[in-house]
Amino acid sequence: MAAPRSCALWSYCGRGWSRVMRGCQLPRLRSSWPGGPLGARLLSQEKPTTETHFGFETVSEKEKGGKVYQVFESVAKKYDVMNDMMSLGIHRVWKDLLLWKMHPHPGTQLLDVAGGTGDIAFRFLNYVQAQHQRKQKRQLRAKQNLSWEEIAKKYQNEEDFLGGSHVMVCDINKEMLKVGKQKALAQGHKAGLTWVLGDAEELPFDDDKFDIYTIAFGIRNVTHVDRALQEAHRVLKPGGRFLCLEFSQVNNPLISRLYDLYSFQVIPVLGEVIAGDWKSYQYLVESIRRFPSQEDFKEMIEDAGFHKVTYESLTSGIVAIHSGFKL
């Protein structure tokens, strides 16, 4: 991200970027001594550190960024395994449903935020590739007079097998991106895929750039959810779509009690046994309980400027998919 002036630099700290001023000419003050009238006035106007939540713990906003970064740095290598264990594999179905709801077509430009390990990105690439191949087959059937060489050439054109589609995976955590890149190599994903280190609250992209913005199981970890939503709105093209898959509030009392029991008594134990990290998974469970309800989150999305905002609860409300459009 380029600084608007030469005297503004960006420094990375925790899960966010902060602007640091260098070499700027400040207006001369009559008195800079703290005991003088101006110094006393400046001291009295200092704002107290804003507090937020880190799971059930109250921390400063600056502190939360660092703590969340450490959580995902710690769990990155076991992240996918733990997702399978914690959800009994159901997270795969939830992500498939997100792609089904997205229904991207060849040529779609997708931004997947907090998508470090690539689960949404790889599904997107597979989906648009299958779509493009079906389109090619229909075109070939319509042209019965093509020679074998012409048909083979059309199928061998690797640059076009995604139909111009591209996915930008943006994550603030280097370790998560590292795992995603390793998975991409193992699964043979090369074309149509870019990895970017960036903050959801201050995306390093131009305005009106993407057709679709997705964030799956990531937005509840953002310090300022409203800022992340505003950034999503900014980088989407007019007519672009916002899609969020996130844990939500269970709407069945019996299932809610069982879900709480499993979440607080089983998931941290799994975290300790499989990933050697009880505290990180205790935080993840607590962060789910602190996230807004389906209706409250819908209102937040609308406040960010999105229209036609809807949501669909899955598995009795354990997760929900929220959708909105930039019009």
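The values are calculated or read from the model by the stated rules, or taken from the named source; none is laboratory data. Computed from a predicted structure; not experimentally measured. Here the Cβ positions follow ideal geometry from the backbone for every residue, glycine too, while neighbour counts run over all protein chains shown. These area figures cover heavy atoms from the full protein model, side chains too; ligands, DNA and RNA do not enter into them. Shrake-Rupley method; radii C 1.70, N 1.55, O 1.52, S 1.80 Å.
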### Query
Using the heavy atoms of the protein chains alone and a 1.4 angstrom probe, what is the accessible area of the range 64-325 per residue in square angstrom?
48 Å²
### Query
So, with +1 on the Cβ of K and R and -1 on the Cβ of D and E, and no other charges, what is the size of the charge dipole of the range 64-325 about its Cα centre, to the nearest 20 debye?
900 debye
### Query
Just from the alpha-carbon atoms, what are the Rg and Dmax of the range 265-309 in angstroms?
15.8, 44
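Just flag the GluC sites (Glu not before Pro) in the range 199-297 sitting in loop per DSSP whose Cβ has no more than 16 other Cβ atoms within 10 Å.
Answer in residue order: no site qualifies.
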### Carbon and sulfur %, accessible surface of the range 64-325 computed with the full protein complex present, 1.4 Å
51 percent
### Query
Just in the range 177-230: which trypsin sites (Lys or Arg not before Pro) are loop by DSSP and have at most 11 other Cβ atoms within 10 Å?
Lys190
### Query
What are the ³J(HN,Hα) values, in whole Hz, obtained from phi via the Karplus relation 6.51 cos²θ - 1.76 cosθ + 1.60 with θ = phi - 60°, for each residue of the range 291-306 in sequence order, with x given for Gly and Pro?
7, x, 5, 4, 5, 5, 5, 4, 5, 5, 5, 5, 4, 7, x, 7
## Note on the structure
Between Leu193 and residues 5 or more places away or on another chain, the pairs with built amide H atoms under 5 Å apart involve Val167
### Message
Apply the Karplus curve 6.51 cos²θ - 1.76 cosθ + 1.60, θ = phi - 60°, to the phi angles in the range 280-285 and return the couplings in whole Hz, x for Gly and Pro.
### Response
4, 7, 5, 4, 4, 5
### Task
Using θ = phi - 60° and the Karplus relation 6.51 cos²θ - 1.76 cosθ + 1.60, list the HN-Hα couplings for the range 77-91 in order, rounded to whole Hz, with x at every Gly or Pro.
5, 10, 4, 5, 4, 5, 4, 5, 5, 5, 9, 6, x, 5, 4
